[in-house]
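K.L.:
Submitted below is the structure of interest, expressed as structure tokens.
The values are calculated or read from the model by the stated rules, or taken from the named source; none is laboratory data. For clarity, every value in this text was computed on a predicted model and none was experimentally measured. So basically every Cβ, Gly included, is an ideal-geometry build from the backbone, and we count neighbours across all protein chains shown. We work out accessible area using only protein heavy atoms, side chains counted, and drop any ligands, DNA or RNA first. Shrake-Rupley method; radii C 1.70, N 1.55, O 1.52, S 1.80 Å.
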Amino acid sequence: AGGGGGVASTAVCHPLDTVRTRLQTAAYDGARDHGAAARYRGAIDCVRRTVREEGVRALYRGMAGPLAAQAVYKAVMFGAFSTASASLPPLTPTGIGADSPPLTAVAARAYACGVFAGAINSLVVCPVELVRNRLMVQQHHLQHQH
């Protein structure tokens, strides 16, 4: 379920990430051209020009890696969470007549395990995101260097 959700999220959000990345890197193009006018007037203009000049597929450039990586991301996330949870002492009921641990203890444990899992996952995700962002703007930069 987690992997399927990650794949769906990547398929829907990747074109938006492509537009965001192109808008962010367009500022560097202007700096190289000594103050040339901005490449795009905004997000809608970026989508229109990208589709017109490079085709719809350009919005999905660089998506294969993140799609394939979703299974790895989820495995790392769930594995790290499980490892952190197993390494902590078990929660026990406290107080007279208590049959479960206090909710604050359960929440604190889940939070700590989630922080650990997120930190470990970021070590995997960041390099993949760097490559993905470079692929998204690769053709864009190649076209405007010549």
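K.L.:
Given the criteria touching a helix residue (DSSP H, G or I) at 6+ places or on another chain (Cβ under 6 Å), surrounded by 13 or more Cβ atoms within 10 Å (Cβ to Cβ), under 28 Å from Val115 (Cα atoms) and at pLDDT 80 or above, does Ala75 qualify?
P.N.:
It is false that Ala75 is touching a helix residue (DSSP H, G or I) at 6+ places or on another chain (Cβ under 6 Å), surrounded by 13 or more Cβ atoms within 10 Å (Cβ to Cβ), under 28 Å from Val115 (Cα atoms) and at pLDDT 80 or above.
K.L.:
Is it fair to say Leu91 is surrounded by 12 or more Cβ atoms within 10 Å (Cβ to Cβ) and in contact (Cβ under 8 Å) with a residue 24 or more places away in the chain?
P.N.:
no
K.L.:
Moving to a separate point now. Anything in region 21-43 that is under 29 Å from Ala69 (Cα atoms) and either modelled with pLDDT of 90 or more or open to solvent by less than 50 Å² (accessible area, probe 1.4 Å) (or both)? List them, or say none.
P.N.:
Once the filter is applied, which keeps residues that are under 29 Å from Ala69 (Cα atoms) and either modelled with pLDDT of 90 or more or open to solvent by less than 50 Å² (accessible area, probe 1.4 Å) (or both), region 21-43 yields Thr21, Arg22, Thr25, Ala26, Ala43.
K.L.:
Still on this structure: Determine which member of the set Arg57, Arg49 is touching a Phe, Trp or Tyr at 6+ places or on another chain (Cβ under 7 Å), under 20 Å from Pro15 (Cα atoms) and surrounded by fewer than 17 Cβ atoms within 10 Å (Cβ to Cβ).
P.N.:
When all the criteria are applied, what remains is Arg49.
K.L.:
Of the residues Ala86, Ala112, Ala107, Ala80, which is over 30 Å from Arg20 (Cα atoms), open to solvent by 80 Å² or more (accessible area, probe 1.4 Å) and either at pLDDT 95 or above or in a helix (DSSP H, G or I) (or both)?
P.N.:
After applying the criteria, what remains is Ala86.
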